1. Might you let me know whether the stretch 165-174 holds any residue that is part of a helix (DSSP H, G or I) and open to solvent by less than 40 Å² (accessible area, probe 1.4 Å)?
2. Which residue, of ILE214, ILE208, ILE189, ILE226, is modelled with pLDDT of 90 or more and aliphatic (A, V, I, L, M)?
3. Could you list all residues from the stretch 53-75 that are part of a loop (DSSP other than H, G, I, E, B), out of contact with any Leu (no Cβ under 7 Å at 6 or more places or on another chain) and within 19 Å of ILE174 (Cα to Cα)?
4. So which residues in the stretch 288-297 are under 28 Å from the mean Cα position of the chain (by Cα) and either part of a helix (DSSP H, G or I) or not β-branched (Val, Ile, Thr) (or both)?
5. Farther than 18 Å from GLU62 by Cα and either out of contact with any Gly (no Cβ under 8 Å at 6 or more places or on another chain) or modelled with pLDDT under 90 (or both), is that true of ALA196?
6. Can you find even one residue in the stretch 109-132 that is without any contact (Cβ under 8 Å) to a residue 60 or more places away in the chain, more than 23 Å from LYS148 (Cβ to Cβ) and assigned to a strand (DSSP E or B)?
7. Could you look through the stretch 95-115, keep only residues that are aromatic (Phe, Trp, Tyr) and closer than 16 Å to LYS140 by Cβ, and pick out the one that is surrounded by the fewest Cβ atoms within 10 Å (Cβ to Cβ)?
Amino acid sequence: MKQFLFHFSIIYTILLSLYSCDNSNHINIIPRNCSAIIEADAKTFNLPFKGIDSTKKVYYFEIADGTLGLCAAIDDEYQLDEYLHQLQKTNKTDNFTESEGIQFCTYSNTWILGYDDKRLLLLGPIIPAEYTRTTKRIIKLLHQDEEKSIVKAELWTHLHECIKNDNKEVCMAILASALPEQLTAAFTIGAPRGTAAEDIIIESSINIADSCMILKGHTCSYNMNIKQELHKAQKLYHKLTFDWQNIISDSSLVSIFMNINGNDYIPYIQRNKSLNSLLLGTNAYEEMKSANGNVVIEINPGNHDNYTAKIQKFPNGNYTGEERLVVSLDVQNLFNKKTGNIIPLPDNVRRIVYYLDE
């Protein structure tokens, strides 16, 4: 599953209607093989119920197999349990059971909650046939020690580098492979030919404003060679000199805004397998050769689950922002293309916007 950022919105909404989990080592719940992790300050959510330790961090994550989860610290298990049973009256929760000292229930029929007196773990989305397997998985994770947890993973190191550098209340470290495939091309520009998406990590802060999820960060890697090449490519971007927000097309799935010298940039596109394949057969490379300023690469939905791409050049304007590279993803366009109305979009998030911030 490559919809972690969008499901983050779903989990974010769930979190506003339930919450719990953790003692000082509740982080040990999170498995080591995560492909994405978000750390958030519980206080920022102003949760409307009791039972949660607001002094502890909340963690959202995606496991390598696509399972999504969150964990948090419990301040009062009784109050949490009472609240979850109240939700049963509105069919929000159901199937309350207990096993090995852990309480379980389902939420909205697609999520499983497991909690003890100190920690809560939510996993999903699942189908009913996966209920037993998921509860066993929760039991295993709640009994997991630090050696098998995220704390021993490279992703954890990158998450805390992001927190240290950004000092934000919500920060993320995510493998490029966990992103929607249409975004992967934008984040792998600059990587050596043949680099796997699993070798590229995006560190960023997260903020949700109105209908937009804003990411501010940079790409890196635990592989030093890849890291150096990504850093080299990021130096090609100059400050945008036009108001990019006013030219986002409603039909565009992904828009990549940058200010570059086209001749310097072409080699990076050519070694980017996914982006190069989209641009082959178009006049994109001719356009890029003559570019020396503001450029937009648009990736648009095509026929039969295919995508098309095009390049446009824009003259300098009076824009005085600090942005050098902006990647915009139309969330609703993606869902309409891939899943129709099956997956809801809580908080009215319509667009994800990434800003390069070295």
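The values are calculated or read from the model by the stated rules, or taken from the named source; none is laboratory data. Quick caveat, the model's predicted, so the values are computed rather than measured. Note that each Cβ is placed from the backbone with ideal geometry, even for glycine, and that neighbours are counted across all protein chains shown. For the accessible areas, the whole protein counts, side chains as well, though only heavy atoms, and no ligand, DNA or RNA atoms are used. Shrake-Rupley method; radii C 1.70, N 1.55, O 1.52, S 1.80 Å.
1. The answer is yes; a qualifying residue exists.
2. Exactly one residue qualifies, and that residue is ILE226.
3. Once the filter is applied, which keeps residues that are part of a loop (DSSP other than H, G, I, E, B), out of contact with any Leu (no Cβ under 7 Å at 6 or more places or on another chain) and within 19 Å of ILE174 (Cα to Cα), the stretch 53-75 yields ALA64, ASP65, GLY66.
4. Selection gives ASN294 alone.
5. Yes: the conditions hold for ALA196.
6. So far as the stretch 109-132 goes, no, none of its residues is without any contact (Cβ under 8 Å) to a residue 60 or more places away in the chain, more than 23 Å from LYS148 (Cβ to Cβ) and assigned to a strand (DSSP E or B).
7. By that ranking, first place goes to PHE104.
Conditions tested, residue by residue: (1) surrounded by 20 or more Cβ atoms within 10 Å (Cβ to Cβ); (2) free of Cβ contacts under 8 Å to residues at least 60 places away in the same chain; (3) out of contact with any strand residue (DSSP E or B) (no Cβ under 6 Å at 6 or more places or on another chain); (4) of a type in the set (A, V, I, L, M, F, W, C).
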residue: PHE61; (1), (2), (3), (4): yes, no, no, yes
residue: GLY66; (1), (2), (3), (4): no, no, yes, no
residue: GLY69; (1), (2), (3), (4): yes, yes, no, no
residue: GLU82; (1), (2), (3), (4): no, yes, yes, no
